[in-house]
Amino acid sequence: MSQPARNRIVLAVTGASGMAYAETLAGYLQNFCELHLIVSQAGWLVWNQELGLPQESLLGKAHCSYAQDDLAAPPASGSWQHQGMVVCPCSMASLAAIAHGLGNNLIHRAADVTLKERRPLVLVARETPLNAIHLENMLAATRAGAVVMPASPGFYHRPRTLQELVDQLAGRILDALRIDHSLTPRWGEQHNVAPSSRAITVGLAGE
């Protein structure tokens, strides 16, 4: 039987840089909820470019997965309930489509449904620098009820690896979905200390 809606999350992955965030989120969510996955065709291209991992390594974390052109899939309907949706990473093309209510693929339609049903929608925008169109689309999405969360990890926890940087942002995304986690220490917790002039060294995970 399906998990209750409060334990069901939709994760959409589009063709922007930042696949490590998607992988970390999926790995965490698979243990705590019923994860429903939508990956765009461009998303798979970037997945291969950045991580070089087989698609199964992401698909295997999901309870169900859907193709981007499957407009009959459950997330396309408001009657199919879930706790929230996150688009991570969110390309500027996907941001534009979501901000203006275009439903020409399952990711855009599912996001539109999430907004109209007043459920949490987190858009992890990944682009730099930003032009006026990007900023206006972010404002439009925010006014519609989405949380726009640029992929800008913090450094106050003194990360030493890329994975610690990824975990920090993934934790903020989970916070926006109101999902408890222990991915990274919070400001003021035991492992955090006041900022100092000490240099922060960030290397590849496992170095």
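The values are calculated or read from the model by the stated rules, or taken from the named source; none is laboratory data. Please read these numbers as outputs of a predicted model, since none were measured by experiment. Note: ideal-geometry Cβ built from the backbone for every residue, glycine included; neighbour counts use all protein chains shown. Note: accessible area is taken over every heavy atom of the protein model, side chains too, but ligands, DNA and RNA are not part of it. Shrake-Rupley method; radii C 1.70, N 1.55, O 1.52, S 1.80 Å.
Some notes on this structure:
- Residue within segment 122-129 that is open to solvent by 50 Å² or more (accessible area, probe 1.4 Å) and outside any loop (DSSP other than H, G, I, E, B) present: no
- Residue selected from segment 131-149 under the condition closer than 16 Å to ALA93 by Cβ and in a loop (DSSP other than H, G, I, E, B), by the criterion most open to solvent (accessible area, probe 1.4 Å): ASN131
- Once segment 172-187 is narrowed to residues that are surrounded by fewer than 15 Cβ atoms within 10 Å (Cβ to Cβ) and touching a Phe, Trp or Tyr at 6+ places or on another chain (Cβ under 9 Å), the residue that is farthest from LEU102 (Cα to Cα) is TRP187.
- The single condition among (1) in contact with a strand residue (DSSP E or B) (Cβ under 6 Å, 6 or more places away or on another chain); (2) at positive phi that LEU37 does not satisfy is (2).
- At least 2 residues being touching a residue at least 60 places away in the same chain (Cβ under 8 Å) and open to solvent by less than 10 Å² (accessible area, probe 1.4 Å) is the threshold, and among the helices (runs of 4 or more DSSP H) wholly inside segment 1-93 those reaching it are 19-29.
- Taken over segment 150-160, the criterion of being farther than 17 Å from LEU25 by Cα and open to solvent by 30 Å² or more (accessible area, probe 1.4 Å) is satisfied by PHE155, TYR156, ARG158, ARG160.
- Checking each residue in segment 145-162 for being over 13 Å from the mean Cα position of the chain (by Cα) and hydroxyl-bearing (Ser, Thr, Tyr) picks out TYR156, THR161.
- Filter result for GLY103 (part of a loop (DSSP other than H, G, I, E, B), of a type in the set (Gly, Ala, Ser) and free of Cβ contacts under 8 Å to residues at least 60 places away in the same chain): yes
- For the residues LEU165, LEU169, the requirement of being crowded, with 16+ Cβ neighbours inside 10 Å and either within 13 Å of the chain's Cα centre (by Cα) or in a loop (DSSP other than H, G, I, E, B) (or both) singles out LEU169.
- Residue check, GLY101 surrounded by fewer than 18 Cβ atoms within 10 Å (Cβ to Cβ) and under 14 Å from the mean Cα position of the chain (by Cα): no
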